[in-house]
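The values are calculated or read from the model by the stated rules, or taken from the named source; none is laboratory data. Note that this is a predicted model, so its numbers are computed, not measured. All Cβ positions, glycine included, derive from the backbone under ideal geometry; neighbour counts span all protein chains shown. Ligands, DNA and RNA are stripped out before the accessible areas are found, and what is left, the full protein with its side chains, is counted by its heavy atoms. Shrake-Rupley method; radii C 1.70, N 1.55, O 1.52, S 1.80 Å.
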Amino acid sequence: MIPDPSVKYRAFPPVHLPDRTWPDRTLTQAPIWCSVDLRDGNQALAVPMNVSQKLEMFDALVKCGFKEIEVGFPAASNTEFAFNRRLIEEKRIPDDVTIQVLVQAREDLIERTVESLLGARRVIIHLYNSTSPAQRRVVFGKSKEEIITIARQGAQLIKDRLSRLESTGTEVLLQYSPESFSATEMEFAREICEAVMEVWQPTPQRKMILNLPDTVEVAMPNVYADQIEWMCRNLKNRESVIISLHTHNDRGTGVAATELGLLAGADRVEGTLFGNGERTGNLDIVTVAMNCYMHGIAPGLDFSHINALAEMYHRTTGMTVPPRQPYAGELVFTAFSGSHQDAIKKGLAERDAGKAPPHWDVPYLTIDPADLGREYREVIRVNSQSGKGGVAFMLESEFGIDLPKDLQREFGPLANDAVDRLGREVSGSELKDMFWKEYVTRSAPWQLGHFHADGVDGVFHCRSSARHGGQEVHLTGTGNGPIAAFVQALIAAGAPVFEVGDFKQHALSAGSTASAISYLKISLPDGTARWGAGVDTNIELASIKAVLSAVNRLG
Ligand code: KIV
Ligand code: ZN
């Protein structure tokens, strides 16, 4: 990098729009969405999608609810052309879905594009040419007038072929993009758009689409919004056009530019799933749609199977969704930190208990992950940053192990130390194993042999056996219940004097192999306290095992 970047780079000139209105607006409805995955995304892949991958992607986009899908650039390659023909001939396009095709302003390309569309029910023909000073100077070496002539001629070539499509029952919608719009002088952008409108003659009843791309993101999103508002206000016949946004993400603000562009008056948004596309990608439509959703606006797109969608995306494009990608990333609904886990757990419990306010307001979760088909078990994951809340949440949600609060306080730090030593995230099963090792399967120094207790009139006699230090020990004692009788027998056989305090038990699993888990706390006269836990198909035996677990944990 150079010490003074102003020598090499300059700020992007702002649009003069002192009475801009977009900052005071709010979004109240979702735009028309158009997926450009099959074109923009495809063009940017080192290994472009083959026809079967494109078909899989097309079906997935339809399933999400896209009604406009740009399926490619049919004049660009045989694969693109063949794909269009298959969609049309195999009748794979639902009646309410319109396919869109891209073409440059050249007669041979326009001719081939029209051929690729014969027999379709409804299509959008998308014409574009580049308009920015750099493109005019470097790529085309043409004046503004000559660039307008390219656009006008392309529009006319398409218009001349409309009857061929329309006479065979195809409804055609026309779209024009001044490519590199956001880097173009606003007056010139308006002039070229109006020149195309003059050829196509849109009306409020039969609108055309004017797509205003942020082809390469060169300014802050407020500048793009100003450009969109400027066009909406200064374009002749605004009511005859659908203003469409097509942003890229070079400065990392494609989503912001789109949202501000919508405030500025746009009606339609082009983008891709998860932001695939050239360079830093296109706009991520999932994020904008879900941002609408989290503000209570029905997006008209359904991402309630987002994990499956991300898998399809990987299968077809070879790209992966980054773990921090809004809404779709593996980690975006996950808390590792103990305090965050605790807050989420309490927020979810408040909802479960029906005590939450009507609108979603759970700490750290902007939306309910279940709305995207994501599971709560993804929300709380455990590593060395996690606390007792996360450990307890995982044991309960994955195995139904409902630890008493006080036992959570005892086991949490033990689990945390063990996870810290491992130095990585642990699964629910690993946590369960830790709990089992610490409490349930402890068998030293006391190991239960057999247990028997019976009683009348509230007096129970225990006749049991255990091994202690390799020796068989007979345990006999009396109490007001089987546990009390066993405790007395154990103390009589040499265990420290203790009392049983808190006690809780619940079923672990249903069916014939159902087992129960008992949690029980013992206290010694000097104040020492330990929890124990026992598991057995016999609920009484589970409690007896819990007593021995606690005694064994005295060390
Ligand atoms: O980014 C862009 O300008 C485009 C146009 C072809 C619309 O993709
Ligand atoms: Zn683009």
Item checked: Number of the condition not met by Arg251 [criteria: (1) of a type in the set (Lys, Arg); (2) outside the structural domain of Val382 (by TED's automatic domain parsing); (3) more than 16 Å from ligand 1 (Cβ to nearest atom)] -> (3)
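Return the residue satisfying two criteria in turn: it lies in segment 507-526 and is open to solvent by 20 Å² or more (accessible area, probe 1.4 Å), at pLDDT 95 or above and not aliphatic (A, V, I, L, M), and of such residues it is nearest to Ala550 (Cα to Cα).
Within segment 507-526, the subset open to solvent by 20 Å² or more (accessible area, probe 1.4 Å) is 507-515, 521, 523-526.
Subset that is at pLDDT 95 or above: 521, 523-526.
Subset that is not aliphatic (A, V, I, L, M): 521, 523, 525-526.
Numbers: Lys521: 7, Ser523: 9, Pro525: 15, Asp526: 16 Å.
In this case the residue turns out to be Lys521.
Please state which one of Leu245, Leu260 is among the aliphatic types (A, V, I, L, M), away from ligand 1 (no atom under 16 Å from the Cβ), within 26 Å of the chain's Cα centre (by Cα) and surrounded by 20 or more Cβ atoms within 10 Å (Cβ to Cβ). Walk me through how you get there before you give the answer.
Values: Leu245 fails: away from ligand 1 (no atom under 16 Å from the Cβ).
Just one listed residue meets the conditions, Leu260.
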Next item on the list: Filter segment 34-73 down to residues that are over 21 Å from Asn307 (Cα atoms) and assigned to a loop (DSSP other than H, G, I, E, B) and give me whichever is farthest from ligand 2 (Cβ to nearest atom).
Entry: Asn50
Next item on the list: Select from segment 129-172 the residues that are part of a helix (DSSP H, G or I), surrounded by 15 or more Cβ atoms within 10 Å (Cβ to Cβ) and among the aliphatic types (A, V, I, L, M) and list them in ascending order.
Entry: Ile147, Ile148, Ile150, Ala151, Ala155, Leu157, Ile158, Leu162, Leu165
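With the structure loaded, tell me whether Ser543 is farther than 15 Å from Leu403 by Cβ and surrounded by 15 or more Cβ atoms within 10 Å (Cβ to Cβ) or whether it fails that test.
So Ser543 fits the description; yes.
Against the condition modelled with pLDDT under 95, surrounded by fewer than 21 Cβ atoms within 10 Å (Cβ to Cβ) and not β-branched (Val, Ile, Thr), how does Gly477 come out, does it pass? Steps first, please.
Values: modelled with pLDDT under 95: no; surrounded by fewer than 21 Cβ atoms within 10 Å (Cβ to Cβ): yes; not β-branched (Val, Ile, Thr): yes.
Judged against the criteria, Gly477 is not a match.
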Note to self: I'd like the residue in segment 29-61 that is among the polar types (S, T, N, Q) and within 25 Å of Ala298 (Cβ to Cβ) and, out of all such residues, is most open to solvent (accessible area, probe 1.4 Å).
What the structure shows: Gln29
Notebook entry, point to check: Taking segment 82-128, which residues are assigned to a strand (DSSP E or B) and either over 35 Å from the mean Cα position of the chain (by Cα) or more than 14 Å from ligand 1 (Cβ to nearest atom) (or both)?
Noted result: Thr98, Ile99, Gln104, Arg122, Val123
Checklist line | Subset of segment 191-244 (residues that are assigned to a strand (DSSP E or B), among the aliphatic types (A, V, I, L, M) and in contact (Cβ under 8 Å) with a residue 40 or more places away in the chain) | finding: Ile209, Leu212, Val241, Ile242
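Return the only residue of Glu311, Glu350 being modelled with pLDDT of 95 or more and in the same structural domain as Val286 (by TED's automatic domain parsing).
Of Glu311, Glu350, the one residue that is modelled with pLDDT of 95 or more and in the same structural domain as Val286 (by TED's automatic domain parsing) is Glu311.
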Notebook entry, point to check: Would you pick out the residues in segment 165-220 that are aromatic (Phe, Trp, Tyr) and either more than 16 Å from ligand 2 (Cβ to nearest atom) or within 24 Å of Gly252 (Cβ to Cβ) (or both)?
Noted result: Phe181, Phe188, Trp200
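Can you name the helices (runs of 4 or more DSSP H) wholly within segment 274-376 that have at least 1 residues being in contact with a strand residue (DSSP E or B) (Cβ under 8 Å, 6 or more places away or on another chain) and of a type in the set (A, V, I, L, M, F, W, C)?
Values: elements: 285-294, 306-317, 338-352.
Passing ranges, in order: 285-294, 338-352.
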Check: What is the one condition in (1) over 47 Å from the mean Cα position of the chain (by Cα); (2) assigned to a strand (DSSP E or B) that Tyr519 does not satisfy?
Finding: (1)
Next item on the list: Examine segment 272-291 for a residue that is touching a Cys at 6+ places or on another chain (Cβ under 8 Å), open to solvent by 10 Å² or more (accessible area, probe 1.4 Å) and away from ligand 2 (no atom under 15 Å from the Cβ), and state whether such a residue exists.
Entry: no
Check: Can you name the residue in segment 62-81 that is under 20 Å from Phe274 (Cβ atoms) and more than 16 Å from ligand 1 (Cβ to nearest atom) and, of all such residues, is most open to solvent (accessible area, probe 1.4 Å)?
Finding: Lys63
